[in-house]
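A short write-up of the structure that comes next.
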Amino acid sequence: MVSDERRGKKDVLNKTLRGLDNCLKEGILTGVATSVCQTNIDELLTEEWLQHLIQRGVHYAWYHTYRPVGPKMNMALALRPDQLVRVRKFVTDMRARLPIAIIDAYYDSEGQALCPMSTGVSHHIGPKGDLEPCPIIQFATENISDPRGIYATMRDSAFLKDFRELSAEHTRGCVVLERPDLVKQLVVKHGARDTTVRGTAMAELDAMTPRFSQWLPGEEIPEKHWMYRIAKKYWFSDFGAYRNANHGATAKAKVQALLAKA
Ligand code: SF4
């Protein structure tokens, strides 16, 4: 029911589970990614849900949190700061207890917030091969069909570099949620094209109201399980992306102001 409402189709959960079983039957590394929001948080943050996935043979569970962006952004679905902390706490607790890999991509081993785009861990390739800063920033100046090859194209992209650096300079959290004005500034500066089919990405950016994100100073929850602590320390940290940033009192005060409006 909740899945049908969110995806706008009928029988979404059953069809998804059938697809899941088909992948598992074929021996494919398979995970379940969910977007936690107000209407599913109480179901997804339960040991029963993860036990169900384990029994089906799923290899990993990925907890995204709903971000109000796009043509039909729905603020009422977005999590409150205390709920974001609840998600993080659940993930670190379950990682230490259950035999299933659990992914949340917004924190280092000490529980400090980070943005995978700013740290250079990931960018996004759209359905037409466009190289976008991240899945929710649907603008690009380059495409994977570039004759230089994908590695050189991504490495040398001034657009992607500017995004990493400007975002890291301003926040450890999500630049789209906290500073849509900066996203617009870079898109205009580089003359980036809208990569959406709907062609309304700039209007959607203009319609956004800045809000808090995963950066909640003082609410850091370090990893509990030794394996995640080590893995994150060496393979999923900020990799020095924030070393030139001034995330001191002024930046934190801005986050606190966004939180006060929450
Ligand atoms: S900009 Fe926001 S949505 Fe994109 S990778 Fe960073 S934290 Fe995630």
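Values as computed for the structure displayed
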| quantity | calculated |
| --- | --- |
| Cross-link table 161/184; 161/252; 161/232; 89/224; 25/232, entries beyond 20 Å C-alpha to C-alpha | 161/252; 161/232; 25/232 |
| Contact order normalised by residue count of the stretch 26-76, Cα under 8 Å, 6+ apart, percent | 52 percent |
| Inter-label distance, nm, simple model (7 Å from Cα along the C-beta direction), residue 83/residue 29 | 3.2 nm |
| Estimated FRET transfer efficiency when R0 is 35 angstrom, pair residue 145-residue 13 (beta carbons, to 0.05) | 0.45 |
| Order of 7, 88 under a 10 Å beta carbon neighbour criterion, fewest first | 7, 88 |
| Cα-centred dipole magnitude for the stretch 1-104, charges only on beta-carbon of K, R (+1) and D, E (-1), debye, nearest 20 | 280 debye |
| Distance from the stretch 107-181 to the stretch 30-99 (C-alpha centre basis), Å | 23 Å |
| Segment residue 54-residue 229, extension gain: residue separation times 0.36 nm, minus the distance between their alpha carbons | 60.8 nm |
| Sites residue 105 and residue 189 - FRET efficiency at Förster radius 25 Å, r taken between beta-carbons, to 0.05 | 0.40 |
| Cα shape, the chain, gyration tensor, a/c 1.5 rule | rounded |
| Partners for residue 233 among aspartates and glutamates (Cα-Cα distance below 14 Å; same-chain residues under 8 apart left out) | 108, 110, 223 |
| Cβ charges +1 (Lys, Arg) and -1 (Asp, Glu), total dipole of the chain, debye | 40 debye |
| Under-5 Å amide H pairs with residue 107, H placed in peptide plane, nonlocal only | 114 |
| Farthest toward positive dipole pole in the stretch 114-262 [+1 Lys/Arg, -1 Asp/Glu at C-beta], among 151, 228, 131 | 228 |
| Cα shape, the stretch 136-262, gyration tensor, a/c 1.5 rule | oblate |
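Laboratory data are not the source of any read-out in this text; all were calculated from the coordinates shown. The model shown is predicted, which means the values in this text are computed figures rather than measured ones. Virtual Cβ from ideal backbone geometry, glycine too; neighbours counted across all protein chains shown.
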